[in-house]
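Nothing in this text is a laboratory measurement; each read-out follows from the coordinates by a stated rule. Predicted, not measured: the structure shown is a model, and the values here were computed from it.
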Amino acid sequence: MKKKSNRRQMLKKSLLAAGGLSLMSTTQAKSTPRQTQKLEGKVAFITGGARGIGSAIALRLAEFGAKVAICDITAQIDSVPYPLASQTDLAQTLSLINGLKIGGMAFQADVRDRAQMQAAVKRIVDLWGRLDILVCNAGIVTVGPLETMSENAWQDVIDVNLTGPAICMQAVIPQMRAQGEGRIINIASINGRKGSAGSASYNASKWGLIGLTKSIAMEVGNDNITVNAICPTGVNTDMLNNEYMRKAIIPQNPTEEALNEVIQNDHTLPVGLLSPSDIADSVAYLCSPEAKYISGIALDVTAGGSARNNA
């Protein structure tokens with residue numbers, strides 16, 4: 001009975017005043033589950049944290065001792081032709097974070113909404129006193145020729161994948177400046193380094209995100225804030241491994257096995273789709289003390305696929 005009661009408590013939401021932001025349950029620090037606590041005392045905020053890469057990042061940073069807040073839109077964007085994360089996904093990830101007994105918080109929020117992002121940052125700082133790490137992970141994709149792409153399909157991808165991280169960075173940089181330190185990691189894509197027929201909006205957004213990352217790294221370096229991007233290859237997430245995307249990539253055989261083979265053919269290492277935890281490992285490294293002098297880079301996590309890049 002106690003487990004059911006805790007689950008009901010976790011799913012209860014209280015509306016915050018600003019921007020319609022919805023907050024799920026929170027926990028305070030109680031104990032540390034691992035001996036290696038490289039991020040003990042740090043506070044992290046991950047967007048798109050309900051599932052996939054974002055969820056894996058949230059859990060990895062919590063395992064390393066950070067208090068973790070996550071947000072996700074948990075609603076469908078009309079132009080996106082595959083299911084986005086749900087409230088249940090958000091609650092499940094929060095439950096896993098809370099199970100580590102470090103400190104967890106979850107918001108229903110849209111990275112395109114400046115007021116919601118500012119309200120989320122304020123809530124995090126009000127509760128935990130600081131904000132050390134921002135991971136801009138929220139992202140969407142639509143595919144098809146540019147000439148037939150609707151205005152909404154184009155704009156939604158740019159707004160979520162590129163403008164969203166800019167809004168989030170604007171919200172956290174003043175707090176990081178006041179603290180005298182901070183880490184910002186933007187989840188870009190290997191598609192941000194090349195062109196791809198049929199995904200112009202996605203590639204443009206991720207290419208732009210790399211440029212944004214490098215520019216902001218130059219703006220905030222004197223404040224001891226590092227800003228980096230990670231460019232993953234294909235990862236086994238609901239954004240890539242769904243019927244819509246498989247039909248777009250391999251219309252003649254839209255199966256998981258065929259998708260994995262297509263991805264593996266682009267790698268030099270003997271692996272296909274990566275796991276979200278593989279990307280979380282790289283994020284954790286860029287947040288660690290060992291990466292304190294790494295800033296302004298776009299780190300490829302591509303199972304050797306980057307060997308084909310010109311430089």
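Computed from backbone phi, the HN-Hα couplings of the stretch 131-137 come to 8, 9, 10, 10, 10, 8, 10 Hz, rounded to whole numbers (Karplus: 6.51 cos²θ - 1.76 cosθ + 1.60, θ = phi - 60°; Gly and Pro given as x). Measuring against 24 Å, Cα to Cα, the residue pairs LYS206/LYS247; LYS38/LYS292; LYS122/LYS206 contain LYS122/LYS206 as the ones spanning a longer distance. Here the sum of -39500 (n - 2.57) over DSSP H runs of 4 or more residues, divided by the residues of the chain, equals -12500 deg cm²/dmol at 222 nm, to the nearest 500.
Taking the Cα atoms of the stretch 61-166, the ratio Rg/Rh between the radius of gyration and the Kirkwood radius comes to 1.03. The stretch 52-108 and the stretch 269-311 have their alpha-carbon centroids 21 Å apart. Normalising by residue count, the chain has a Cα convex hull of 140 Å³ per residue.
Listed by chain and number, the aspartates and glutamates whose C-alpha is less than 15 Å from the C-alpha of LYS194, apart from same-chain residues fewer than 8 away, are ASP266, ASP300. In straight-distance terms, cross-link reach from LYS67 covers every one of the aspartates and glutamates whose alpha-carbon lies under 14 Å from its own, apart from those fewer than eight places away in the same chain; here that gives GLU40, ASP126, ASP132.
Evaluating 6.51 cos²θ - 1.76 cosθ + 1.60 at θ = phi - 60° for every residue in the stretch 108-120, the Karplus couplings come out as 8, 7, 10, 5, 7, 9, 4, 5, 5, 5, 5, 5, 5 Hz, glycine and proline recorded as x.
Relative contact order of the stretch 169-233: 46 percent, from C-alpha pairs under 8 Å at least 6 residues apart in sequence.
Here the Karplus relation 6.51 cos²θ - 1.76 cosθ + 1.60, evaluated at θ = phi - 60°, turns the backbone of the stretch 236-252 into coupling constants of 6, 10, 5, 6, 9, 8, 9, 4, 4, 6, 5, 5, 6, 7, 9, x, 6 Hz, with x for every Gly and Pro.
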